[in-house]
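Step one of this worksheet: look at the structure below.
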Amino acid sequence: MKKPWLKILVGAAILLSVTRLAVSQMDKQTKDDLYSKIELFSYALTTVQTEYVDKIPAKDLIYNALKGMLAGLDPHSQFLPPEEYTELKTETEGKFGGLGIEISVRDGLLTVVSPIEDSPAWKAGVKAGDRIVKIEKELTRDLSLSDAVKKLRGTPGTDVHLTILRESEYRIFELKITRGIIEYQDVKNVQILEDKIGYIRLTEFREGSAKAFREGLEQLKALGADSLIVDLRNNPGGLLNIAIEITEDFLPKGQIIVSTKGRRTSQNSITYSNNDDHLIAWPMVVLINEGSASGSEIFAGAVKDNKRAILVGEKSFGKGSVQSVIPMPDGSGLRLTTSKYYTPSGISIHEIGIKPDVEVKYAAKEDEDDADLKGKERVDKKKKIEKVFDDVKKLEAEKNPQATQKTDKAKQDKEAREALLSDNQVIAGMNVLKGVRVYEKMGK
């Protein structure tokens, strides 16, 4: 007669042996406490396996236990089953399916860190700081971060219904968003605004971001830029090493970029700039807002504390913890908070954020010609304008398809530039740089 409980006990013994190997460096009291609790876990595991009303695969029990253990640590730690671990690696390559939002848990509520620019969520009007209180009809109060991500992702072309709490406007509303393929364009809108002031927007820190950013800087050099605005608004972060690599473009060798402190001595480190061959010395403004998090805050904190740039905008999100992704033998992974990072001046901004040197709240600007139009009149006017442009495009396409593509590209560039020149935070950044120029002239 087979004895299933015997297999479970053997498995628990193996688990105990592996754990003993992993904790060999712990002090005796910690080891004894851990061993006693593992025996409790093994007992609970065998009890559930043998007494629960339905037969549950041992793998499911272990995976669920790991999920609960990691979720109980902090909002950013999580256990990743093999399929989720694969998805995480896919994300860092810059393309995946979903809504296009970076989420976290803050004050017990599922919170939008930042919508990805031009994603379905961005186009639907989701903003940094929005609280997602329902996904479909399910409240998110007791939903883990990984489970929330699962529910938000899905087949491109399918819809998801969200209930949003926007505390800044004291209102709750519903949104229907159609999922799409999310593709990152890390560096955008590289151009001269005016008076040789260069502008570059960095939307994420991912594989390839440093190279694209460097190419953007070289492009601005070729265009004659002599000062710079780096836009990190709604940049949720990404890879720590990429954030450091990009920061090095602006700090000379030997200056501190970031330090990390963890529980173990090996997790404590100070990262210095190693740049001695590609230093951008232009006067610089960095734009931040509540959607600027993690890697963005490393960059902003480094240039601020080293007095390399002036920060303009609104206080950043405040994600100052470092997660290490640790692969497991069966293809799963642990995303584990292993340390916190500190700015060069030794300040932890976790759940606090970085305050800008010049605080400027974003103000959406209405077109002056439309200022007196309300409701239906404005919609009708917009439709008429769009129809005119559509008719012109059709005529041009019939005559010369290639010319139409060039016209569209030029039109997009022009519209992007006009939008930036009407952005009050960008304008504030330009004014700061102009003031720096005047101050430098006075000192000569």
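State, to one decimal in nm, how far the label point of L40 lies from the label point of Q185, with both points 7 Å from Cα in the Cβ direction.
5.5
Quick check on my link table: of K261/K361; K253/K307; K127/K315; K67/K176; K176/K315; K196/K253, which ones sit more than 21 Å apart, alpha carbon to alpha carbon?
The answer is K261/K361; K67/K176; K176/K315; K196/K253.
Using per-residue counts of other Cβ atoms within 10 Å, averaged over each peptide, order 62-71, 136-145, 200-209, 168-177 from highest down.
The most tightly packed comes first, giving 200-209, 62-71, 136-145, 168-177.
Please report the net charge: other residues with Cβ closer than 10 Å to the Cβ of E194, K and R +1, D and E -1.
Net charge around E194: +2.
Find out how many positive minus negative residues lie around I172, taking Lys and Arg as positive, Asp and Glu as negative, among other residues whose Cβ is under 13 Å from that of I172.
Combined, the nearby Lys, Arg, Asp and Glu give 0.
Here, each number is a calculation from the coordinates, and none is a lab measurement. None of the values given here were measured: they were computed from a predicted structure. Cβ sites come from the backbone with ideal geometry, for glycine too, and all protein chains shown count toward neighbours.
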